[in-house]
Every structure is written in structure tokens, then in C-alpha cells.
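Visitor: Take this structure first; my questions come after.
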Amino acid sequence: MLSENMTEALNGQINKEMYSAYLYMDMSAHCTYEGLGGFANWFMVQYQEEMSHAMKIYDYINEQGGKVVLNAIEKPPGTFGTPLEMFEATLKHEQFITKSIHELVELAYEEKDYATQIFLQWFVTEQIEEEANDNELIAKLKLVGNDGNGLFMLDRELEARSFVPPATE
Ligand code: OFO
């Protein structure tokens, strides 16, 4: 059983995950337009991951007998800078999401909501991976610098990423 407060906070997190999906879909479109098919693929896989995060919370609220409430999704920026700037923006966004997940965990502790504490552990771990992926790509893009060949090679590398749905507990 979820408290009203917790239900509202989890619904808020669905909205943030949906925005993340929308943002990465937008970034993917931008990369396609710029002829960076591998980067576009990477962001489209990220979009799929974010949708699965939103659905994980959606299913959890339903399982706990709470009411899912969907709110408007903010418009993403539409224009982006260089690939390096895009990944710096991605890292910043993920740090914001990590903070939001940690706040949910704190609320679950305050409310002695043991089920939600356990449920959120998956997201705590996932955020470590999300930030690590972004940091790795930022480091690679800094190494590449203005080298067109390096960017071409990295774009090819990112073409290989595919979506793996999270395991269902
Ligand atoms: Fe859902 O992890 Fe990114 O935002």
C-alpha cells in the first residue's frame, strides 16, 4: 500500500522518465539530421531504456493499488550543439534524475515504506550505470577532439548498441 505522498512522488518520477525518453528521442532525431547514424542509434536505445523505466514505475504503482496519474511532458530543446555538448547535457540530466531517485529513497525511508525502498534499489544501481556511460563517452569525445576520422569511428562503434529490456523481478 502506497501513501498519497509516495504515489504522487512516483507519478512525478514517471513524468521525469517520460521526459528523459522524449529528450533522447529528440537528440536522436538531431543526430540523424546531422548524419551521425551511430549517435542517433545510441540515443534511440536510450529512449527505449527510459520508456522501460517509466513503465517499471507505472507497473509498480498499479501493483500496489495506487492510481497512476499522467501529466504533460515538457517540450525538449530541439536544437543541440556538438556531440560532446550533447553528452555533457545528457550527464547533467542524468545527475538530476539520480538526485530525484535519491529523494524518492529518502521519502521511502521516512515513511518506513519497505516495499518501495526495495523497488527503488534497481533505480539507484541503474543511475550509476547511466552516469558511467555518459562519462565514458565524454572522455572518448574529448580524446577525439576535432578529428573527423575519430568521430566517424566512434559513430560506427555506437551503431552496435542495442536495447536489452530490464529483467522483470
Ligand atoms: Fe531513467 O535513467 Fe535516465 O533518465
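Visitor: Name the pairs whose Cβ atoms lie under 9 Å apart, with the first residue in the range 6-21 and within 14 Å of Glu111 (Cα to Cα), the second modelled with pLDDT under 95, and 6 or more positions between them or separate chains?
Guide: Close Cβ pairs (under 9 Å, with a partner that is modelled with pLDDT under 95) do not exist here.
Visitor: For the range 13-24, does any single residue satisfy the condition of being of a type in the set (A, V, I, L, M) and away from the ligand (no atom under 14 Å from the Cβ)? It would help to see each step written out before you state the result.
Guide: Kept after step one, since they are of a type in the set (A, V, I, L, M), are these residues of the range 13-24: 14, 18, 21, 23.
Those still in the list that are away from the ligand (no atom under 14 Å from the Cβ) too: none.
For the range 13-24, residues of a type in the set (A, V, I, L, M) and away from the ligand (no atom under 14 Å from the Cβ): absent.
Visitor: Is it the case that the range 66-77 has a residue that's more than 12 Å from the ligand (Cβ to nearest atom) and part of a helix (DSSP H, G or I)? Let's see the steps before the verdict.
Guide: Taking the range 66-77 first, the residues more than 12 Å from the ligand (Cβ to nearest atom) are 66-77.
If we keep only those that are part of a helix (DSSP H, G or I) too, we end up with none.
Checked against the condition, which is being more than 12 Å from the ligand (Cβ to nearest atom) and part of a helix (DSSP H, G or I), the range 66-77 yields no hits at all.
Visitor: Return yes when Glu50 is modelled with pLDDT of 95 or more, within 15 Å of the ligand (Cβ to nearest atom) and open to solvent by 50 Å² or more (accessible area, probe 1.4 Å) and no when it is not. Step through it out loud before you land on a result.
Guide: Details: modelled with pLDDT of 95 or more: yes; within 15 Å of the ligand (Cβ to nearest atom): yes; open to solvent by 50 Å² or more (accessible area, probe 1.4 Å): no.
Answer is no for this residue.
The values are calculated or read from the model by the stated rules, or taken from the named source; none is laboratory data. All of these numbers come straight from a predicted model, not from anything done at the bench. Here the Cβ is made from the backbone with ideal geometry for all residues, glycine too, and neighbour counts use every protein chain on show. Calculation scope for accessible area: heavy atoms of the full protein, side chains included, ligands and nucleic acids excluded. Shrake-Rupley method; radii C 1.70, N 1.55, O 1.52, S 1.80 Å.
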